[in-house]
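This report concerns only the one structure given below.
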Amino acid sequence: LPIDANSLICCYNKTLNIKNKINVIVASKHKTLQHLTMKEADELVNKGLGVLEFASNCKKNPDIILACSGDTPTLEVIAASKILRDNIKGIKVKVVNIIDLFKLRNKDEFTDISEKEAGKWINYFNRR
């Protein structure tokens, strides 16, 4: 679920290189803001999820973690992050974007996930 044109290009490139799996890219056709550089988009797509630094104001010990996937929900979460930071003095906000929803799976649910990746996504949603 890409969030802008650069992440869409990176998703498309990644799916072209995947064999023997079904790939689905969900993207809108309306104009949208460009949030990420090509390098940032490539990193986010390859990880499958990540912290949107430009919409966050902390890396550790956030007061709130906002998560989103897709272009319109991401736009809404970015706005919510700004509203929170503007109206609640000192609040620490971390925004996590999920490009690949399968990154939120557990090893018990899918046999093709490695031990190294199993449960790794939880680190994005804890306060540490």
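The values are calculated or read from the model by the stated rules, or taken from the named source; none is laboratory data. As the structure is a computational prediction, the values presented were derived from the model and not from experiment. Here Cβ is always computed from backbone atoms with ideal geometry, including for glycine, and neighbour counts include all displayed protein chains. Note: accessible area is taken over every heavy atom of the protein model, side chains too, but ligands, DNA and RNA are not part of it. Shrake-Rupley method; radii C 1.70, N 1.55, O 1.52, S 1.80 Å.
Of all positions in the range 36-47, at least one carries a residue that is in contact with a helix residue (DSSP H, G or I) (Cβ under 8 Å, 6 or more places away or on another chain), open to solvent by 50 Å² or more (accessible area, probe 1.4 Å) and in a loop (DSSP other than H, G, I, E, B). Residue count for the range 48-68, restricted to those that are part of a strand (DSSP E or B), more than 8 Å from K94 (Cβ to Cβ) and hydrophobic (A, V, I, L, M, F, W, C): 3.
Residues checked against (1) in contact (Cβ under 8 Å) with a residue 40 or more places away in the chain; (2) touching a Ser or Thr at 6+ places or on another chain (Cβ under 7 Å); (3) more than 19 Å from P2 (Cα to Cα); (4) not polar (S, T, N, Q):
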residue	(1), (2), (3), (4)
V26	yes, no, no, yes
L44	yes, yes, no, yes
K47	yes, no, no, yes
S69	yes, no, no, no
T74	yes, no, no, no
A79	no, no, no, yes
K82	no, no, yes, yes
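Yes or no: I64 modelled with pLDDT of 90 or more, at negative phi and either more than 12 Å from the chain's Cα centre (by Cα) or surrounded by fewer than 16 Cβ atoms within 10 Å (Cβ to Cβ) (or both)? It is true that I64 is modelled with pLDDT of 90 or more, at negative phi and either more than 12 Å from the chain's Cα centre (by Cα) or surrounded by fewer than 16 Cβ atoms within 10 Å (Cβ to Cβ) (or both).
Of the residues making up the range 1-24, those that are aliphatic (A, V, I, L, M), without any contact (Cβ under 8 Å) to a residue 12 or more places away in the chain and part of a helix (DSSP H, G or I) number 1.
For the range 1-35, the tally of residues that are open to solvent by less than 30 Å² (accessible area, probe 1.4 Å) and among the aliphatic types (A, V, I, L, M) stands at 1. Scanning the range 7-33 for residues that are of a type outside the set (A, V, I, L, M, F, W, C) and farther than 16 Å from G48 by Cβ gives K19, N20, S28, K29, H30, K31, T32.
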